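Reading through the structure tokens given below for one structure.
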Amino acid sequence: MRKLSLAVALAAAVVAVPAVAQDMAPADTTVTTTTTTDEPARAPDGTRAFGIEPYVAVMGGWEGFDRRVGHGIPNTPIGGNKLQGAIVTGIVGVNVPLGPVFVGAEGEVTKGVDGAIDWGYGAAGRFGFRAGESGLFYGKVGYRWVNFDRFGKNSPDFDAITYGVGAEVGPKDIGLGGITGNSGVRFRFEVSTFGSADSFRPQAGIVAHF
């Protein structure tokens with residue numbers, strides 16, 4: 001009986017030793033970390049640093065055309081009413097952000113609301129750089145057509161190269177953070193001309209980027 005008890009105790013000890021040794025082994029302290037790279041790069045205002053950024057805009061302003069002989073719009077009666085007036089412009093465009101700079105293109109339709117201008121339309125390319133939280137500074141070059149109420153219903157379209165400079169500024173850059181967050185709403189200011197500096201057109205408005 002004593003031999004049987006000793007055998008049972010020995011067997012129990014053989015089974016228990018590996019288990020105890022396993023419990024006493026140092027814990028594995030290796031930490032596995034995972035990183036994700038699916039999130040696209042972002043500009044400071046939350047928009048994409050690279051990709052396609054469409055936008056729409058509504059702007060209002062004024063445009064006056066040169067009436068000197070041999071310059072500006074021809075056939076303007078000397079001593080007659082000036083070819084100038086208030087305008088409203090609708091714009092549809094797209095930016096291609098390239099980190100701190102961007103390129104893009106836009107089309108526009110303009111309606112005269114007070115004065116000699118009837119309709120205008122055109123397209124232009126833009127290029128510039130980003131500044132601050134959501135600012136844009138740019139230059140633009142394109143082509144534009146315009147006709148005038150002053151010449152009657154059969155007014156021809158006058159066309160020429162157009163170019164200008166402008167800036168867009170978001171709410172964060174002018175102390176209005178929190179009103180629109182990262183919605184992409186910006187205020188736009190622009191000055192452009194028609195032909196060989198044959199007009200002067202300052203405008204301001206709101207741009208919604210997507």
- Query: Right, Arg130: touching a residue at least 60 places away in the same chain (Cβ under 8 Å), crowded, with 21+ Cβ neighbours inside 10 Å, at negative phi and not aromatic (Phe, Trp, Tyr) or not?
  - Reply: yes
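Quick grid of which residues meet (1) modelled with pLDDT of 90 or more; (2) within 15 Å of the chain's Cα centre (by Cα); (3) hydroxyl-bearing (Ser, Thr, Tyr); (4) surrounded by fewer than 17 Cβ atoms within 10 Å (Cβ to Cβ):
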position	(1), (2), (3), (4)
Ala124	yes, no, no, no
Lys140	yes, yes, no, no
Tyr143	yes, no, yes, yes
Val146	yes, no, no, no
Pro156	no, no, no, yes
Thr180	no, yes, yes, yes
Pro202	yes, no, no, yes
- Look at Arg130 and say whether it is assigned to a strand (DSSP E or B) and out of contact with any Gly (no Cβ under 7 Å at 6 or more places or on another chain). yes
- Message: Of the residues Val92, Val103, only one is modelled with pLDDT of 90 or more, under 26 Å from the mean Cα position of the chain (by Cα) and open to solvent by 70 Å² or more (accessible area, probe 1.4 Å); which?
- Response: Val92
- Message: List pairs: first residue in the stretch 148-165 and touching a residue at least 60 places away in the same chain (Cβ under 8 Å), second residue of a type in the set (A, V, I, L, M) and not in a strand (DSSP E or B) anywhere in the structure, Cβ distance under 8 angstrom, at least six positions apart or on different chains.
- Response: Phe148/Ile73; Phe148/Leu83; Phe148/Ala116; Arg150/Leu83; Arg150/Ala116; Phe158/Ile73
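The values are calculated or read from the model by the stated rules, or taken from the named source; none is laboratory data. Worth saying up front: this structure is predicted, and the values here are computed from it rather than measured. Note that each Cβ is placed from the backbone with ideal geometry, even for glycine, and that neighbours are counted across all protein chains shown. We work out accessible area using only protein heavy atoms, side chains counted, and drop any ligands, DNA or RNA first. Shrake-Rupley method; radii C 1.70, N 1.55, O 1.52, S 1.80 Å.
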